[in-house]
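**Q** Supplied in C-alpha cells, the structure appears directly below.
Every number here is computed from the coordinates shown, using simple stated rules; none is lab data. Given the structure is predicted, the values throughout are model-derived calculations rather than measurements. Positions of Cβ are generated from backbone atoms using ideal geometry, with glycine treated the same way; all protein chains shown enter the neighbour counts.
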Amino acid sequence: MTAAVDLYWIPLGAGGHLVRFNGKVYERLVAWRERRPPLDLYHAALVVTVPEGRFAIESTPVPDSSGHERGVVAGGSVGSRRAGAFRIFRYEVRCWRDGVIPDLAWAVESPRRLTDDEIMARRVLEVAPLLPTPVWGRDELGTGEMWNSNSIVGWLLARAGFDMPGVGMPKNGRAPGWDAGVLVAGRPGGR
C-alpha cells in the first residue's frame, strides 16, 4: 500500500472514565431534548498514508510546548478565548509523521478505508494547516453545533473533496460537531 486515508471512530472517553461519564450525561440530556434514545458518542481520527510516510491526524489537549515534535499544524482555545492563555485550556491538531493515536485500540467499525488514491491522501495533508481554529466547545462559526475533534476531521475530509454522505457513522452512534466541520468546509475559503 502506497496511499490511503483511514478513518477511525473512537468511543468518547476511551481509556478515561471522566470524559466517558460526562459524555454519557451530555448525550442523555441531548437525547431527552430531541426525544430520541441516547446514542454512543465517537471521536474521529485519521491515518493518512503516502509513499513518504504514515501521518496520524487528531486533535488533543496541548501537553507541552514541543508541538513541532508532534507535527502540530493548528490549535486554539477551549471554552473561551481568554482561557486559552493557559495551556490547560488549549487544543492542538496533529498531522504527525509516524505518530501515534493512543486510543486506536478502542476504535469500533474501524478503520474505514475512505480511499487508496494518492492524490486524495495528499490533499488531506495539504489542507490540514488551513484548518479554522474557533474556540473548542462553542459555536463561534454559527453552524448550530459546537466545534470539536469531529468538526476538525469532518472539515479536513470535506475540504479535501471526499463524498461526505458516504462516510457514515458507526451503528447506533453519532459524532457531535461533525456537521459543523462539513458545513464550514463548504463555505467560501472554508472558514
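**Q** State, to one decimal in nm, how far the label point of Val25 lies from the label point of Ala3, with both points 7 Å from Cα in the Cβ direction.
**A** Inter-label distance under the simple model: 4.6 nm.
**Q** Short version: ³J(HN,Hα) in whole Hz for each residue of segment 93-108, in order, from phi by Karplus 6.51 cos²θ - 1.76 cosθ + 1.60 (θ = phi - 60°), x for Gly and Pro, what are they?
**A** 10, 9, 10, 9, 5, 6, x, 10, 10, x, 8, 4, 4, 8, 4, 10
**Q** For segment 174-182, what does the Karplus curve 6.51 cos²θ - 1.76 cosθ + 1.60, with θ = phi - 60°, yield as ³J(HN,Hα) per residue in whole Hz, taken in order and with x for Gly and Pro?
**A** Result, ordered by residue: 8, 10, x, x, 4, 4, 4, x, 5 Hz.
**Q** Answer rounded, prolate or oblate for the chain, using the Cα gyration tensor with square roots of eigenvalues a ≥ b ≥ c: rounded when a/c is under 1.5, else prolate when a/b is larger than b/c, else oblate. Please list the in-between numbers first.
**A** On the way: a/c = 1.39, a/b = 1.20, b/c = 1.16.
Rounded.
**Q** Check which residues have an amide H placed less than 5 Å from Val78's amide H, if you skip close sequence neighbours.
**A** Gly84, Arg90, Tyr91, Trp136
**Q** Going by how many other beta carbons lie within 10 Å of each one, how would you line up Ser77, Ser66, Ser149, fewest first? List each step's numbers first, then the result.
**A** Details: Ser77 21, Ser66 9, Ser149 24.
Taking fewest neighbouring Cβ atoms as first place, the list is Ser66, Ser77, Ser149.
**Q** Would you please name the trypsin sites (Lys or Arg not before Pro) within segment 18-54 that are DSSP coil residues with at most 16 other C-beta atoms within 10 Å of their C-beta? The partial results should precede the final answer.
**A** On the way: sites: Arg20, Lys24, Arg28, Arg33, Arg35, Arg54; in loops: Arg35.
Within segment 18-54, the qualifying trypsin sites (Lys or Arg not before Pro) (loop, at most 16 other Cβ atoms within 10 Å) are Arg35.
**Q** Label points 7 Å out from Cα along the Cβ direction at Asp139 and Arg87: separation in nm?
**A** Distance between the two pseudo-spin positions: 3.4 nm.
**Q** Just name one of Trp178, Ala83, Pro132: the one whose Cα is farthest towards the positive end of the charge dipole of the chain (beta-carbon charges, Lys/Arg +1, Asp/Glu -1).
**A** Result: Ala83, furthest along the dipole toward the positive end.
**Q** Which GluC sites (Glu not before Pro) from segment 21-119 combine a DSSP loop assignment with at most 12 other Cβ atoms within 10 Å?
**A** On the way: sites: Glu27, Glu34, Glu52, Glu58, Glu69, Glu92, Glu109, Glu118; in loops: Glu52.
Those satisfying the criteria are Glu52.
**Q** Continuing with this model, one more query. I need the calculated FRET efficiency for the pair Met164 and Arg54, taking r as the beta carbon distance and R₀ as 30 Å, to the nearest 0.05. Please list the in-between numbers first.
**A** Details: r = 24 Å, r/R0 = 0.79.
Calculated value: 0.80.
**Q** Quick one: which residues, 5 or more positions from Ala3 or on another chain, have an amide H under 5 Å from its amide H? H modelled 1.01 Å from N in the peptide plane, none for Pro or chain starts.
**A** The answer is none.
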